[in-house]
Amino acid sequence: MSISSTGYGYSTFINLGVGLIVAGTVYGFASIIGMLVPIIHSYAWMILTTALLKIFNIVPKRVENAARDWYMFINKTMIPAILVAVSIALINLEELLSVFTDLSYFTVVVATILFAGIGSGDVAVLGASERMNLMAFAQMSSRLGGGLILVIMSFLVPLLL
């Protein structure tokens, strides 16, 4: 499993360190600008800063590769753990248990899960195929599919309840 963008199949600790420093510097700069201009969120400033650095070719290619290696490292090691932790933290057990006591609600939940299961699994599929760099496209299709599921279920829920 390669996380390097340099083509050698591995990242050095130096590349990861340089990537961390670049990411931290851009984040820090964006946070400062976000405090000075609070109308625009600091993450938007971070995206804008990164785009400008890339458009005007300010950052040397070696440093760009190091930042890409840092992104790939975080993408492969931290994102799955963060997804699991956030998912577990957001589960309301009381609400989950209420599903099993109300048959009509349980039917709607099962139907929604079955319909959603047809078009979901972006992280699982892209992770298994080592194509996480295509996540933006997968998210777009999932959001469109999710919107379609919401429309379908908004018609079906009144019939089932």
Kindly indicate which of A111, A30, A67 is in contact (Cβ under 8 Å) with a residue 12 or more places away in the chain, surrounded by 11 or more Cβ atoms within 10 Å (Cβ to Cβ) and assigned by TED's automatic domain parsing to the domain that holds I152.
A111
Looking at S142, is it without any contact (Cβ under 8 Å) to a residue 24 or more places away in the chain, surrounded by 12 or more Cβ atoms within 10 Å (Cβ to Cβ) and assigned to a helix (DSSP H, G or I)?
yes
Taking K61 as meeting all but one of (1) exposed (fewer than 12 other Cβ atoms within 10 Å of the Cβ); (2) in the same structural domain as A51 (by TED's automatic domain parsing); (3) touching a residue at least 40 places away in the same chain (Cβ under 8 Å); (4) among the charged types (D, E, K, R), write down the number of the exception.
(3)
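The values are calculated or read from the model by the stated rules, or taken from the named source; none is laboratory data. The structure displayed is predicted, hence computed values, not measured ones. Here Cβ is always computed from backbone atoms with ideal geometry, including for glycine, and neighbour counts include all displayed protein chains.
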